[in-house]
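> This is the structure, below, for whatever I ask next.
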Amino acid sequence: MSKRQKFILRRAGSALVIAFITITFSFVLFRALPGDAASNLSRVPNMPKEAQAALRAQFGIDKPLTTQYLLYLKELARGDLGVSFQDQQPVLDNVLRTIRNTVVMVGIGTVVAILVGTLIGVTAAYRQGSARDRVITGAAMVIYSLPVQWVGLLLLVWFAGWLPTSGMSDPYLFDAGFLETFVDRARHMILPATCVALMLFGSFALVVRSSQLEALGDDHVLTARAKGYRNRRVVWREAFRSAMLPLVTLSTLTLGWVIAGTILVESVFTWPGIGQATVQAVAARDYPLLQGIFLLVTISVVGFNFLGDVLHSVLDPRVAE
Amino acid sequence: MKSSRKAGRRMVVFTVLAALVLILAATAGCGGSSTETSGSSDSSGGDQPVYRLGTVGMGYDSLNPFVGMYAQDYAAWMLMYPNLVQYSNELQPQPDFAESWSTSEDGLTWTFTLTSGAAWTDGKPITASDAAFTINTVVKLQTGAAAALSPFVPGIETATAVDDTTLEVKLAAPSAALLANLFQLPILPEHFWAEYAKGDGAKLKTVTMDPAKETVVASGPFTIEKLDIKGTTIFKRVDTFYGPKPMITGYGFQLFTNADAAIQALKAGEIDCVYQLPPTSSDTLKTDANLQIEGFGGSMPETLLVNDSENNKKHPELQELGVRQAIDLAIDRTAMIDTVYNGFAVPGGSLLLPLYVPQFLSADVPVTGRDVAKANQLLDDLGYAKGSDGIRVADGVEMQYTLLVGAMNRAIDSRIADMLTQNLAEVGIGVEQKLVDNQVPLIMTQPKAYTDFDMTLIMWGLTPDPDWSTLISTSTMLGAYNLTGYSNPEYDKLWGQQTSEMDAAKRTAIIDQLSAKLVQDVVFHPIAYTQMVTSWNKKWQGVPEGGAPFGYYSYLNKMQFNALEVTQ
């Protein structure tokens with residue numbers, strides 16, 4: 001077994017342990033709060049105590065915590081995430097439906113952020129110390145530090161009337177063809193995806209700038225310059241290749257987190273994604289749905305971290321040693 | 001920097017391509033949604049366009065009557081299914097599927113004469129069997145699969161279909177509030193639901209109500225056309241509906257998680273009406289000449305509750321009537337309504353709606369005026385002198401109280417709590433605010449009930465009959481909805497009398513006594529009857545301005561959209 005294979009196996013093992021601990025933690029966390037899904041039904045006036053007890057029994061929350069936990073693990077092993085307390089539909093269906101909406105919007109925002117951030121970072125590093133560098137770096141830092149919901153609200157107020165400000169499609173667009181539907185979806189995507197891109201691009205720009213600066217001073221880059229290679233080759237092929245390592249790490253970490261980190265963006269733009277589902281599940285004490293979402297977020301964070309480790313070991317074999 | 005520019009161009013092209021692929025993925029399978037409602041978006045031949053309604057914060061949780069529990073779900077069912085009766089905006093029972101009803105002399109049997117010739121959307125007739133099936137299913141499964149509907153059948157033993165248009169309901173004891181309880185129960189088509197109701201009825205909850213997945217059988221005036229609980233659900237008009245038909249060909253119910261987005265959508269003409277707006281948004285909306293803004297409802301009193309239970313060992317002085325009176329006198333209701341509700345509320349004097357006058361109460365309950373001097377005098381008389389920090393001391397313990405503030409209605413409640421803290425400081429009472437997820441379970445479900453809090457703010461949702469509003473202060477509700485710990489055998493007895501008193505005048509006299517007891521004992525500290533801030537495009541006529549006591553889109557009746565039409 002090669003060193004890299006051993007490294008990957010080790011990392012896979014620790015990823016599994018972390019996932020298990022998080023699953024257990026999330027199970028305990030939601031039940032540590034006072035009240036439960038049945039007590040939250042106070043909106044229905046006149047609900048008899050017996051009926052509340054019946055609901056607790058149906059939801060399984062009348063059983064001891066240890067029994068609930070073992071049942072949860074057993075069902076999880078069978079791939080059954082349970083049924084949402086809110087709509088009584090399978091959690092897996094709820095999660096898959098909302099995650100699809102999130103991935104599309106966040107995917108576009110993240111890809112734009114990575115590309116724009118990289119381009120800005122490389123440009124700023126190349127022009128280190130210049131007015132352009134200072135403006136670009138300053139702007140990236142300012143936007144990076146702005147609260148995302150505030151940026152979202154500004155976009156919403158500025159562009160209302162020009163672009164749709166909520167949802168992911170026009171519900172009243174009847175009998176529309178494919179092209180019309182496509183344009184409608186794209187228009188709805190612009191503001192939230194821009195908000196995600198603005199939220200993320202600053203960190204990419206800053207990380208790429210600093211690693212590119214370091215790389216531009218490396219011996220092999222100086223040699224390339226001395227050999228008279230063109231600027232494009234020096235900047236992108238020689239320097240950027242070695243500056244990519246932190247970018248890969250940051251990209252994988254970001255991709256893992258964006259699923260969980262879009263709660264605010266989705267709330268501002270009423271985007272029917274996993275963030276909005278989380279907020280509603282918390283309000284309704286929908287344990288099965290919350291656990292499903294947590295499981296997914298855990299898998300995505302741990303999974304993308306693992307992917308980052310693997311990619312890192314491929315790009316820089318010294319990591320596995 | 002030429003190289004960088006070229007690479008940049010390449011990246012832009014790549015970004016655009018990636019975005020296109022992702023949007024294509026999102027569009028796949030979604031193109032060309034064809035609906036029957038669509039053709040009627042133009043108003044022609046007397047038909048009015050689809051009415052696009054928006055709400056902020058809380059939408060539906062489920063449109064399956066055995067699952068959903070939010071007020072909006074009930075409004076949707078009221079517009080989809082037959083109900084035996086409905087309520088007018090003046091809170092009077094009106095015929096719906098039942099044309100008339102009568103009660104036996106002993107009050108134990110109710111006979112309903114039902115509409116003949118009515119049909120479900122699949123063409124099958126709606127008969128008394130459907131009504132009997134629904135009631136009996138809920139009664140049978142009320143501590144199981146039908147628990148969510150159990151509040152609407154209290155005391156019912158059985159329902160029988162005498163013939164297609166006669167329904168007989170038998171009760172265990174006479175109930176003056178039967179209609180007010182039963183009216184919210186949607187009558188469901190037996191031929192659709194019977195197979196799900198078999199055994200323990202667990203399958204009842206599996207029905208999705210999504211016309212894309214299964215048939216939805218309703219009666220109208222509307223039925224579901226496209227279900228999207230977290231987005232926009234679209235309803236179309238049912239032309240075979242047995243009652244008066246609306247002019248609009250359908251309506252959409254859109255959920256916004258952010259009030260600003262809803263306001264912008266309304267201004268941009270993407271929707272026609274929004275309700276449940278924050279009161280502070282009214283200033284922005286008033287400046288738009290195309291929009292009308294009104295406060296609807298007034299059936300939801302925001303109330304301060306004081307834990308005067310014997311279990312509150314730390315502050316037994318709260319059991320003193322003088323202390324509760326002083327708290328009531330210290331509250332500046334007018335200032336709260338002006339600043340927090342922006343005028344969209346009226347001061348509250350009782351948990352019994354002003355709307356109950358004259359049918360259930362002979363006179364409205366007056367609002368306690370603010371009188372700080374009198375409040376201080378009351379506390380001085382009790383011997384609770386102020387300490388060096390300005391906080392009074394009762395039996396060696398500082399009058400420093402924990403006030404629970406729920407996260408559910410935090411934007412409003414936190415501000416009310418701040419003002420209460422200031423008001424009470426003026427009479428030497430200290431308040432420590434504690435933000436909680438949902439204050440009700442803390443009181444209801446803690447093993448040591450009534451021990452961990454001194455005060456809480458709550459917004460009650462009341463019903464068209466005072467039966468429920470008065471029930472919550474009885475001893476039977478201790479540990480459940482009796483959140484103050486009030487216990488008075490005389491009150492309990494009076495409550496039992498009113499609930500079975502079938503003579504309206506005699507019942508009013510008893511409810512007057514109950515009301516007097518609640519005021520005399522200062523059981524509640526009602527702050528304001530809050531209104532639902534609603535704004536709509538003026539091109540729409542027929543919105544019942546100020547005349548919908550339970551707010552816009554309520555579960556009160558099927559008439560609420562009937563007058564809607566575009567006049568510009």
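The values are calculated or read from the model by the stated rules, or taken from the named source; none is laboratory data. Just so it is clear, the structure is predicted and the values come from calculations on it, not from any experiment. All Cβ positions, even for glycine, are placed from backbone atoms using ideal geometry, and neighbour counts span all protein chains on display. Only protein heavy atoms, including side chains, enter the accessible area calculation; ligands, DNA and RNA are left aside. Shrake-Rupley method; radii C 1.70, N 1.55, O 1.52, S 1.80 Å.
> Mind checking which residues of the stretch A:278-288 are within 13 Å of chain B (Cβ to nearest Cβ) and open to solvent by 10 Å² or more (accessible area, probe 1.4 Å)? It would help to see each step written out before you state the result.
So in the stretch A:278-288, the residues within 13 Å of chain B (Cβ to nearest Cβ) come out as A:278-286.
Scanning the stretch A:278-288 gives A:Thr278, A:Val279, A:Gln280, A:Val282, A:Ala283, A:Ala284, A:Arg285.
> Moving to a separate point now. May I ask you to say which residue of B:Ala326, B:Ala335 is outside any loop (DSSP other than H, G, I, E, B), under 21 Å from B:Asp521 (Cα atoms) and small (Gly, Ala, Ser)? Walk me through it before giving the result.
Values: B:Ala335 fails: under 21 Å from B:Asp521 (Cα atoms).
After ruling out the rest, the residue left standing is B:Ala326.
> In the stretch B:136-145, which residue that is surrounded by fewer than 24 Cβ atoms within 10 Å (Cβ to Cβ) and among the aliphatic types (A, V, I, L, M) is farthest from the other protein chains (Cβ to nearest Cβ)?
Start the filter on the stretch B:136-145 by keeping residues that are surrounded by fewer than 24 Cβ atoms within 10 Å (Cβ to Cβ), which leaves B:136, B:139-144.
If we keep only those that are among the aliphatic types (A, V, I, L, M) as well, we get B:139, B:141.
On the way: B:Val139: 12, B:Leu141: 9 Å.
Top of the filtered list is B:Val139.
> Given the conditions (1) assigned to a strand (DSSP E or B); (2) within 30 Å of B:Gly369 (Cβ to Cβ), report the number of the one that B:Trp495 does not fulfil.
(1)
> Does B:Asp454 count as more than 14 Å from every other protein chain (Cβ to nearest Cβ), out of contact with any helix residue (DSSP H, G or I) (no Cβ under 7 Å at 6 or more places or on another chain), open to solvent by less than 50 Å² (accessible area, probe 1.4 Å) and among the charged types (D, E, K, R)?
Spelling it out, it is not the case that B:Asp454 is more than 14 Å from every other protein chain (Cβ to nearest Cβ), out of contact with any helix residue (DSSP H, G or I) (no Cβ under 7 Å at 6 or more places or on another chain), open to solvent by less than 50 Å² (accessible area, probe 1.4 Å) and among the charged types (D, E, K, R).
> Is the stretch B:290-298 home to any residue that is closer than 24 Å to B:Ile458 by Cβ, open to solvent by less than 20 Å² (accessible area, probe 1.4 Å), in a strand (DSSP E or B) and small (Gly, Ala, Ser)?
yes
> For the stretch B:183-286, give me every one of the helices (runs of 4 or more DSSP H) that falls completely inside it and has 2 or more residues that are within 14 Å of chain A (Cβ to nearest Cβ).
Fully inside the stretch B:183-286 and qualifying: B:259-267, B:282-286.
> Additional query: Checking A:Tyr229 against (1) surrounded by fewer than 17 Cβ atoms within 10 Å (Cβ to Cβ); (2) part of a loop (DSSP other than H, G, I, E, B); (3) in contact (Cβ under 8 Å) with a residue 24 or more places away in the chain; (4) not aliphatic (A, V, I, L, M), which single condition isn't satisfied?
(3)
> A follow-up question, please. Assuming B:Gln184 fulfils every condition listed in (1) buried (at least 18 other Cβ atoms within 10 Å of the Cβ); (2) under 16 Å from B:Ser129 (Cβ atoms) apart from one, which condition is it?
The single condition B:Gln184 does not satisfy is (2).
> Condition first: closer than 20 Å to B:Ser487 by Cβ, open to solvent by 10 Å² or more (accessible area, probe 1.4 Å) and aliphatic (A, V, I, L, M). Now tell me which residues in the stretch B:307-334 satisfy that.
Correct list: B:Leu321 only.
> Does the stretch B:501-509 contain at least one residue that is buried (at least 23 other Cβ atoms within 10 Å of the Cβ) and either β-branched (Val, Ile, Thr) or assigned by TED's automatic domain parsing to the domain that holds B:Gln560 (or both)?
Checked the stretch B:501-509: no residue is buried (at least 23 other Cβ atoms within 10 Å of the Cβ) and either β-branched (Val, Ile, Thr) or assigned by TED's automatic domain parsing to the domain that holds B:Gln560 (or both).
> Mind listing whichever residues of the stretch B:66-85 are assigned to a helix (DSSP H, G or I), under 19 Å from B:Asp122 (Cα atoms) and among the aromatic types (Phe, Trp, Tyr)?
Within the stretch B:66-85, just B:Trp77 meets the criteria.
> For the stretch B:370-379, does any single residue satisfy the condition of being of a type in the set (Lys, Arg) and out of contact with any Lys or Arg (no Cβ under 6 Å at 6 or more places or on another chain)?
Yes: the stretch B:370-379 contains one or more residues that are of a type in the set (Lys, Arg) and out of contact with any Lys or Arg (no Cβ under 6 Å at 6 or more places or on another chain).
> Name every residue in the stretch A:160-186 that is over 22 Å from B:Gly250 (Cβ atoms), in contact with a helix residue (DSSP H, G or I) (Cβ under 6 Å, 6 or more places away or on another chain), at the interface with chain B (Cβ under 9 Å from one of its Cβ atoms) and of a type outside the set (Gly, Ala, Ser), in order of residue number.
Passing the criteria: A:Thr165, A:Phe182, A:Arg185.
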